[in-house]
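The block underneath contains the structure these notes are about, expressed in structure tokens.
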Amino acid sequence: MFKLLQTLFRPQLVLRRSNSSYVERMRYLMHLKEDDAACLDALSSGRLLLYHRLSPLLIKTPAGLYQLPDIHTSDLEGVLDRMGESRALLKEALLIGCTEKHEAQFSLDVGCLDQSEVEKHCGGAFIELRKAFFLLTGPEMPLVSRGQALLRWHQTHGYCSASGHPTFRNQSGSQRICHTSGQTYYPKMSPVVIALISDGSRCLLGRQATFPRGMYSALAGFCDMGETIDETLRREIAEEVGLELASLRVSGSQHWPFPQSSFMVACHALVAPGNTQVNVDHEELEDARWFSLGEVQEALSLKKPPRNPPGQTPTFWLPPPYAIAHQLVKEWVQEQAGH
């Protein structure tokens, strides 16, 4: 009987330990956001994600994979000393998270330093964020995305929109304050609805002229003031491809650092029966068309982006696995396979 009780209650005990760890980390982060001295103390032993003009520092492993270098504040202090630079730069670091061991994580842009010198001392390379999305795998990409977005927000919000006077950040970087107007500013994301449209057996994907050759993605658009998710999606699809939706459902969400920091609300949607004729607004999209299940499965099977040189018919491919558009396509394929 005792062993039976152990078996019955083990899942609850594991869940309780997991929840406790999460709550402790969130309260620790909240404490660092509210206490400048505590944040500075955490920075002294924290882990740093380095950027140079918003491009993250990555290292290439012997296996040919890319990952974030394990850089702590003490490591960067040594680099700054060897370069003859002031350690005061470290105070510009922004709090972005913490590990399960309560090791605080910070992002820091070292754009004021010589890029090649930092790369040499740290043993990595600064890679533009869009390219990094195709190189990194696993749980690191959300952290890189968050760090870059917060750095960008601080770089573009140095003045109060009410008074025109400078704003000042707290140590963690969770807010900026104008002492003249009394306004407090918090980092913001712009809501975007992204949807995979289906007619039941095919899915609709589009591309902008700025996309890499051959890449198609789910359709997306920013929410207008006062709109619901449903209203935004129906309007965007009508505007961009001239289709009317019959139904939609929300699938998930994701922070996306482009163009300035977006909050992506991901949906699946069905077009109204008999309403499949695509009429592309070329002011919005370069192209949009229906893809079969086989075409999409072939694109998902690609291990890396195709070269697609100019002058040749490009191979169709999809956004990187981290992008929620990629996840929408995978969900659709799984649903089709289940029918």
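The values are calculated or read from the model by the stated rules, or taken from the named source; none is laboratory data. Only a predicted model underlies this, so the values are computations on that prediction, with no experimental measurement involved. FYI the Cβ positions are ideal-geometry reconstructions off the backbone, even for glycines, and counts take in every protein chain you see.
Filter segment 22-40 down to residues that are out of contact with any strand residue (DSSP E or B) (no Cβ under 6 Å at 6 or more places or on another chain) and of a type in the set (K, R) and give me whichever is surrounded by the fewest Cβ atoms within 10 Å (Cβ to Cβ).
Restricting to residues being out of contact with any strand residue (DSSP E or B) (no Cβ under 6 Å at 6 or more places or on another chain) and of a type in the set (K, R), the top hit is R27.
For V23, indicate whether it is touching a His at 6+ places or on another chain (Cβ under 6 Å), of a type outside the set (D, E, K, R) and part of a helix (DSSP H, G or I).
Answer is no for this residue.
Could you please let me know if D224 is assigned by TED's automatic domain parsing to the domain that holds T313, free of Cβ contacts under 8 Å to residues at least 12 places away in the same chain and of a type in the set (D, E)?
yes
For segment 61-81, does any single residue satisfy the condition of being exposed (fewer than 14 other Cβ atoms within 10 Å of the Cβ) and within 21 Å of the chain's Cα centre (by Cα)?
yes
Looking only at residues that are of a type in the set (V, I, T) and outside any strand (DSSP E or B) in segment 88-118, which one is modelled with the lowest pLDDT?
Result: T99.
Applying the selection to segment 315-325, what residues are out of contact with any His (no Cβ under 9 Å at 6 or more places or on another chain) and either free of Cβ contacts under 8 Å to residues at least 12 places away in the same chain or crowded, with 17+ Cβ neighbours inside 10 Å (or both)? Reasoning before the result, please.
Residues of segment 315-325 that are out of contact with any His (no Cβ under 9 Å at 6 or more places or on another chain), as a first pass: 315-317, 321-325.
Result: F316, W317, Y322, A323, I324, A325.
Taking the stated definitions as given, is I197 of a type in the set (V, I, T), assigned to a strand (DSSP E or B), assigned by TED's automatic domain parsing to the domain that holds V280 and surrounded by 19 or more Cβ atoms within 10 Å (Cβ to Cβ)?
For I197, the condition - of a type in the set (V, I, T), assigned to a strand (DSSP E or B), assigned by TED's automatic domain parsing to the domain that holds V280 and surrounded by 19 or more Cβ atoms within 10 Å (Cβ to Cβ) - is met.
For the subset of segment 303-339 comprising residues that are assigned to a helix (DSSP H, G or I) and among the polar types (S, T, N, Q), which member is modelled with the lowest pLDDT?
Applying the filter and picking the extreme gives Q336.
Checking T180 against (1) over 30 Å from T313 (Cα atoms); (2) crowded, with 19+ Cβ neighbours inside 10 Å; (3) in contact with a Ser or Thr (Cβ under 7 Å, 6 or more places away or on another chain), only one condition comes out false. Which one?
(2)
If you go through segment 222-243 one residue at a time, do you hit one that is among the aliphatic types (A, V, I, L, M) and either modelled with pLDDT under 95 or part of a strand (DSSP E or B) (or both)?
no
Determine if segment 35-47 includes at least one residue that is at pLDDT 95 or above and either outside the structural domain of E119 (by TED's automatic domain parsing) or closer than 18 Å to E119 by Cα (or both). Don't jump to the end; show me each part of the working.
Here is the first cut: in segment 35-47, the ones at pLDDT 95 or above are 35-47.
Then drop every residue that is not either outside the structural domain of E119 (by TED's automatic domain parsing) or closer than 18 Å to E119 by Cα (or both), which leaves 47.
Yes: segment 35-47 contains one or more residues that are at pLDDT 95 or above and either outside the structural domain of E119 (by TED's automatic domain parsing) or closer than 18 Å to E119 by Cα (or both).
Hey, can you tell me all the residues within segment 213-233 that are surrounded by fewer than 17 Cβ atoms within 10 Å (Cβ to Cβ) and under 19 Å from A323 (Cα atoms)?
Passing the criteria: R213, F222.
Sort through V329, V278 and tell me the only one that's within 26 Å of the chain's Cα centre (by Cα) and either within 19 Å of E236 (Cβ to Cβ) or not assigned by TED's automatic domain parsing to the domain that holds L196 (or both).
V329
Answer with yes or no whether T210 is outside the structural domain of R53 (by TED's automatic domain parsing), closer than 21 Å to W317 by Cβ, free of Cβ contacts under 8 Å to residues at least 24 places away in the same chain and not acidic (D, E).
So T210 passes the test.
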